Amino acid sequence: MCLVVAGVALAGCAKPPEPHRVANTAPLITNSILQASQPISQQPMPERVFSAGNLGGRTLAVASTTDIILRPGEVILTFDDGPRPGKTTEILATLRDFGVKATFLMLGSSAQAHPALAQQVAASGHTVGSHTFDHVDLGTLDRQAALDEIAKGERAVRLALAGGGQVLSPFFRFPYLSQTGFLRTNLMQGSMVILDVDIDSKDYYKDTPETVVARTMARLDARGSGIILFHDIHQRTVQTLPLFLAQLQERGYSVVRLVPKDTGVFGRDVITADAPPLRGTL
């Protein structure tokens with residue numbers, strides 16, 4: 001979860017001291033501040049929200065979903081549904097140009113079809129997690145079928161990465177963000193880190209890249225930080241990303257690299273594909 005803390009502290013004296021009067025002194029006029037009588041809601045946003053600096057930020061190592069705590073001005077970039085030839089490679093190039101790392105939640109079917117591309121993502125220093133095998137709405141499946149779909153996707157991504165000597169990270173996102181309490185609890189008990197979404201770029205809408213950037217930045221400025229959702233399967237996203245990263249840099253945000261605390265093998269005692277059907281109260 002993301003914790004955003006924003007506050008404004010106002011302090012003053014109960015009664016100001018009597019001002020020292022100087023005769024024949026012209027008033028000082030400055031445009032550095034707005035008139036106090038102007039409502040704050042009508043005052044323009046500052047050109048920079050935070051201090052300018054390198055766009056590539058810190059590395060955040062987490063062991064659970066609750067460990068994902070961002071500071072004001074920090075974002076995590078995530079890309080769902082890939083890898084996709086002709087799209088993912090362009091996105092990797094843009095991320096490299098801006099010196100930032102992202103998290104890719106891959107479909108098992110896509111990673112299985114394009115293992116070399118999945119390996120290229122990981123070899124470029126990005127974090128790779130899973131997103132089921134076929135992007136199924138898990139809320140429409142029974143519990144065992146949903147768990148099998150999750151495990152099948154994870155296994156396919158893991159095997160695709162293993163061909164290049166890379167390791168799958170235990171990050172997962174629900175397709176369509178459709179989940180149940182049972183599934184979420186089960187995955188977290190199985191040491192999976194669920195990535196929620198704070199800011200949906202809606203890059204799947206048929207909008208111009210400029211519209212996608214404006215919409216996403218407006219939501220981000222309102223929150224101050226967050227996990228941002230993109231998809232590395234759209235040409236629109238390929239065109240949007242450099243514009244968006246330039247805006248982040250201009251406004252002083254930083255991109256956090258998300259990694260697991262334990263990069264070794266993580267157990268899946270609860271999540272098992274092709275297991276016997278769950279019975280009883282399940």
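The values are calculated or read from the model by the stated rules, or taken from the named source; none is laboratory data. Note that the structure is predicted; figures quoted are calculated from it, not measured. So basically every Cβ, Gly included, is an ideal-geometry build from the backbone, and we count neighbours across all protein chains shown.
Are any of the residues in region 121-144 of a type in the set (K, R) and surrounded by fewer than 21 Cβ atoms within 10 Å (Cβ to Cβ)? I'd like the intermediate steps shown before the answer.
So in region 121-144, the residues of a type in the set (K, R) come out as 143.
Checking which are surrounded by fewer than 21 Cβ atoms within 10 Å (Cβ to Cβ) leaves us with 143.
Scanning region 121-144 turns up at least one residue that is of a type in the set (K, R) and surrounded by fewer than 21 Cβ atoms within 10 Å (Cβ to Cβ).
Per-residue answers, yes or no, for (1) surrounded by fewer than 16 Cβ atoms within 10 Å (Cβ to Cβ); (2) touching a residue at least 60 places away in the same chain (Cβ under 8 Å):
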site: I150; (1), (2): no, yes
site: R155; (1), (2): no, yes
site: G163; (1), (2): yes, no
site: S178; (1), (2): yes, no
site: I194; (1), (2): no, yes
site: D207; (1), (2): no, no
site: M217; (1), (2): no, no
site: A222; (1), (2): yes, no
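Among the residues of region 64-110, count how many are surrounded by fewer than 22 Cβ atoms within 10 Å (Cβ to Cβ), polar (S, T, N, Q) and over 14 Å from the mean Cα position of the chain (by Cα). The total comes to 5.
The set of residues in region 96-141 being assigned to a loop (DSSP other than H, G, I, E, B) and of a type outside the set (A, V, I, L, M) consists of G99, K101, H114, S124, G125, H126, H131, T132, F133, D134, H135, D137. In region 226-282, the residue that is modelled with the highest pLDDT out of those that are of a type in the set (D, E) and either within 19 Å of H131 (Cβ to Cβ) or in a loop (DSSP other than H, G, I, E, B) (or both) is D232. Looking at region 28-44, can you tell me whether even one residue there is modelled with pLDDT under 95, within 30 Å of R173 (Cα to Cα), of a type in the set (S, T, N, Q) and surrounded by 10 or more Cβ atoms within 10 Å (Cβ to Cβ)? No; the residues of region 28-44 include none that is modelled with pLDDT under 95, within 30 Å of R173 (Cα to Cα), of a type in the set (S, T, N, Q) and surrounded by 10 or more Cβ atoms within 10 Å (Cβ to Cβ).
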